[in-house]
Number of protein chains: 2
Amino acid sequence: MFDEIQTPAVLVDIDVAKRNIERFQAYADAHGLKVRPHIKTHKLPAIAEMQIDAGAVGITCQKVSEAEAMVAGSGRLDDVLITYNILGDDKLHALVALSKKVRLAVVADNATVIDGLAAAFAAAGGTLRVFVECNTGADRCGVGAPQEAAELAARIASAPGLEFAGLMTYPPVGGTGKVQAFMTESKALIEAKGIAAPAITSGGSPDMMSAHLAPVTTEYRPGTYVYNDRSLVARGVCGWDDCALTVLATVVSVPAPNRAIIDAGSKTLTSDLLGLTGHGHVLGRPDIAIDQLSEEHGRLRAEGDIGLKVGQRLRIVPNHACVVTNMVDALYVVGKDKAPELWPVPARGKII
Amino acid sequence: MFDEIQTPAVLVDIDVAKRNIERFQAYADAHGLKVRPHIKTHKLPAIAEMQIDAGAVGITCQKVSEAEAMVAGSGRLDDVLITYNILGDDKLHALVALSKKVRLAVVADNATVIDGLAAAFAAAGGTLRVFVECNTGADRCGVGAPQEAAELAARIASAPGLEFAGLMTYPPVGGTGKVQAFMTESKALIEAKGIAAPAITSGGSPDMMSAHLAPVTTEYRPGTYVYNDRSLVARGVCGWDDCALTVLATVVSVPAPNRAIIDAGSKTLTSDLLGLTGHGHVLGRPDIAIDQLSEEHGRLRAEGDIGLKVGQRLRIVPNHACVVTNMVDALYVVGKDKAPELWPVPARGKII
C-alpha cells in the first residue's frame, strides 16, 4: 500500500476533499449562505483555491502569519478574515502590509484590541474592517452579552482607521439556536444606534448542515469539513469514506499477540482527543484501539489476536485532522488514477 | 517581559539547561554510568554538544531522519544510538550512509527487523551494532521475556553485517527493579550462549536519579531532564526553577472576570497530558488552570478574579517539553545577562 511513500506520512485524498467542498457549497448556495472556509484544516493554498473555485467568497485564517503564508502561496486568495484578537506592533505592521494586498477583516472582543487596530490603521492611512466576536456558549473569546457587542460596534464605527464589519462567533456544537438569539438581539441593538451590521459570520463543521436554522447568519466558516476526521464520524456528520486525510503507518513491532506498535505517534497523530477514547481509527479494523501514543510509537490493542505482521501498512483516520496537517512540512496528495504527489504545507507552524 | 519577542514563542533558559545537564552527569559519573542523552527533548545540535562537553558518550535519536539532522548540524556528534525498529529500503539505505559518518547502533525486537538490517549491511559491506529491545513493563516495543532476548541476541550475533551490542529498555516510571531483574537474567542467558553483552542501556528522566539501583545498567538515556517540565515537577523530580523551557504567551482577551484567553494553544503547548489535569503551569500564578486548548487559544480559569489584562505576557511551563520543541521551527535561547537569540530547531518534525 503506497510502497513508494516512507512512513509515517500524511495522505490527502483530493477526490474526497473535492466532494466534501462541493457538498457544503451546494447546501450553502441552496440557503443563500456565503462560505468562507477556515484554512486551518489544510493550510494549503491549492485547496483554498479549490474552495474558491467551488464558490467560497474568501478564506478564514487564525493568525496573521498564517494569512501571509496563504496569500503568498496563491495569486488568487484576495479576501481574508482573520478570526483573532490581534495585538502588538509587529503583528499590526504585518496586518497593515497585508491589508494592501487583499480585502482584509479581523475580529475583536475588547477595547484594547480595537484601540490598537485603530491606532495602527489611522497612522498608516488605511481602513480595516473589524467584526465583534461574540460568545455564543463556547466560552472562549467573545463578548458575553448583546449590549457589549453593541458598545464595541459603536467603538469600532467611531474609531479612525476602522470600519464595523459585523458580528462573528464560533459557537459550541449544538449552539445554532444560541447563535440566532444572540446575533438577532445584538444586530437590533447595533442598528438602533444607527450602525449597519453588514455580515453575521458563524462557523464549525459539526453543525454546518443546520446553519440555515440560524437565518440571521450571512456567512459560514467551516474548517474540518474539507477533510473530516474521527471526531466528525463519531458525531454522525460523515462516514469513513468521507475522510480525506489519513495517516499512513507501518507496523514496526508485534511484541504480544494482542498488541502491535506502529511508527506513527503523537508527532503525527497528535494527542488531541476531542472527547474521544483512543487516538484514531485504523481503516478496515474497527476492532483495534490505538490506546497509547508516545512521540514516535502508536500502540494498537485488540481484544483477541491482533493479526498484524511487522512491515504491514495501515491507514489511520486521526481524531482531529487540522492538528495533523500542522505536524508535517509536506504531505502526499493521492486520488483515483493519480500517482501520489508530495505537496509542501506552506501555512504549517504559523503560530504568531 | 521579552517585549522584543512576538508571541507565542518557546523560550529556553540555557543556564538552567546547563545546570540540569551537569547535575545528572555528576550523578552518573559518581555511579560509573555512561550518559547518552536522548535528543528528542531539544532537537538542537548545540545543546547535544553541551551534553557531550559535560561528559556524555554520545546521543540517542528516535528516527533515522532525526539522527541525520543532528549529525548534519554539528561536526562533533560522532556516536549515535537510534532506539527504534528500522524497516524499509529507504530508511536502511539512509542508515548505511549514516554508519559511514558516525559510530552507529540501533535496536530491534523482532526477527523481521534484524533480517532487514543484516541484508542491508551485508550488501553494503559494513557492520551495524544492534541492541535487543526489552519490555520491562512499559508494554510498548520490546521482547517480553529474557529467553526471547537471548534468541534475538544469537540471531544478531550470527547475522552477516551485524554485531550484537547489548540490551536496551525504556522502562515505565518505577520500573528500575524490573530492569535489574530482566536484564540480569537476559545477560546470563546470552553469556551462556558464548555471546558477550557489552552494554545494557536504560532510560527515562523520572527515575534517572535512582538508575544506580539497577547496577546491571551500563548506560543511561535521559531526555526530558535537560529542560524538565510540568510532568516532572508533578512527580517531584524538580522544581519550577529547574524548568528551562517555557512558552511565552500574551493575554488576548479577558471575556469574563474569572477567564482569560492566551495566544498559545495546542499548536504550541500541545495536547499532551501525561496524566495531568490541565495544559500547563502559569509561572507565578499557581491559582490559574489552563483548562482548555484550541489550536491557537489557551483558556485560563481562576476560582475568583483572574486579575489579568489584555496585552499582559505570561510564561508557561508545558506539561511535556519534548513535544513543544517539535512545534516550532525556531525558539529563543535566553539566559542571565544575555539578549534572546533565535535558534532554528534542525531536528524538528523529523518523523521518518
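Some observations on this one:
- When every residue of segment A:70-82 is checked against the conditions, at least one turns out to be within 12 Å of another protein chain (Cβ to nearest Cβ) and either within 20 Å of residue B:297 (Cα to Cα) or not polar (S, T, N, Q) (or both).
- Set A:174, A:142: member being more than 19 Å from residue B:293 (Cα to Cα) and not polar (S, T, N, Q): A:174
- Residue tally, condition closer than 12 Å to residue A:65 by Cα and within 9 Å of another protein chain (Cβ to nearest Cβ), over segment A:87-105: 2
- Residue that is surrounded by the fewest Cβ atoms within 10 Å (Cβ to Cβ) [pool: residues in segment B:29-69 that are within 14 Å of chain A (Cβ to nearest Cβ) and of a type in the set (S, T, N, Q)]: B:65
- Counted residues, segment B:264-295 - those being within 8 Å of another protein chain (Cβ to nearest Cβ) and of a type outside the set (Gly, Ala, Ser): 7
- Restricting segment A:158-187 to residues that are surrounded by 24 or more Cβ atoms within 10 Å (Cβ to Cβ) and of a type in the set (Ser, Thr, Tyr), the residue that is nearest to the other protein chains (Cβ to nearest Cβ): A:170
- When B:88, B:125, B:73 are screened for being modelled with pLDDT of 95 or more and surrounded by fewer than 17 Cβ atoms within 10 Å (Cβ to Cβ), only B:125 passes.
- Options A:198, A:171, A:160; residue that is in the same structural domain as residue A:109 (by TED's automatic domain parsing) and within 24 Å of residue B:297 (Cβ to Cβ): A:171
- Inter-residue pairs, beta-carbon under 7 Å, first within 14 Å of another protein chain (Cβ to nearest Cβ) and in segment B:1-28, second among the small types (Gly, Ala, Ser) and assigned to a strand (DSSP E or B), 6+ apart: B:7/B:249; B:8/B:249
- Within segment A:209-234, being touching a strand residue (DSSP E or B) at 6+ places or on another chain (Cβ under 7 Å), closer than 18 Å to residue A:41 by Cα and either assigned to a loop (DSSP other than H, G, I, E, B) or without any contact (Cβ under 8 Å) to a residue 60 or more places away in the chain (or both) holds for A:222, A:223, A:227, A:229.
- Condition met for residue B:282 (touching a helix residue (DSSP H, G or I) at 6+ places or on another chain (Cβ under 9 Å), at negative phi and not assigned by TED's automatic domain parsing to the domain that holds residue B:38): no
- Residues in segment A:168-191 include none that are under 22 Å from residue A:80 (Cα atoms) and among the small types (Gly, Ala, Ser).
- Residue count, segment B:51-90 (criterion: aromatic (Phe, Trp, Tyr) and farther than 21 Å from residue B:141 by Cα): 0
- Any hit, segment A:232-243, residues being within 11 Å of chain B (Cβ to nearest Cβ), closer than 21 Å to residue B:271 by Cα and of a type in the set (A, V, I, L, M, F, W, C): no
- Scanning segment B:276-316 for residues that are farther than 24 Å from residue A:320 by Cβ and aliphatic (A, V, I, L, M) returns B:282, B:283, B:288, B:302, B:306, B:308, B:310, B:314.
- Selection of segment B:140-162 for residues being free of Cβ contacts under 8 Å to residues at least 40 places away in the same chain and out of contact with any Leu (no Cβ under 7 Å at 6 or more places or on another chain) yields B:140, B:142, B:144, B:145, B:148, B:151, B:157, B:158.
- Residue list for segment B:303-338, filter: away from chain A (no Cβ under 14 Å) and without any contact (Cβ under 8 Å) to a residue 60 or more places away in the chain: B:303, B:304, B:305, B:307, B:337
- Single residue of B:226, B:252 found to be in contact with a helix residue (DSSP H, G or I) (Cβ under 9 Å, 6 or more places away or on another chain), more than 30 Å from residue B:183 (Cβ to Cβ) and β-branched (Val, Ile, Thr): B:252
- Matching residues in segment B:243-293 - criterion: being surrounded by fewer than 17 Cβ atoms within 10 Å (Cβ to Cβ) and hydroxyl-bearing (Ser, Thr, Tyr): B:277
- Of all residues making up segment A:131-153, the number that are among the aliphatic types (A, V, I, L, M), out of contact with any Ser or Thr (no Cβ under 7 Å at 6 or more places or on another chain) and crowded, with 17+ Cβ neighbours inside 10 Å: 5
- Note on segment A:106-157: residues that are touching a Cys at 6+ places or on another chain (Cβ under 6 Å) and more than 10 Å from chain B (Cβ to nearest Cβ) total 1.
The values are calculated or read from the model by the stated rules, or taken from the named source; none is laboratory data. Quick caveat: nothing in here was measured; it's all calculated off a predicted structure. Heads up, the Cβs are rebuilt from the backbone with ideal geometry, glycines too, and the neighbour counts pull from every protein chain shown.
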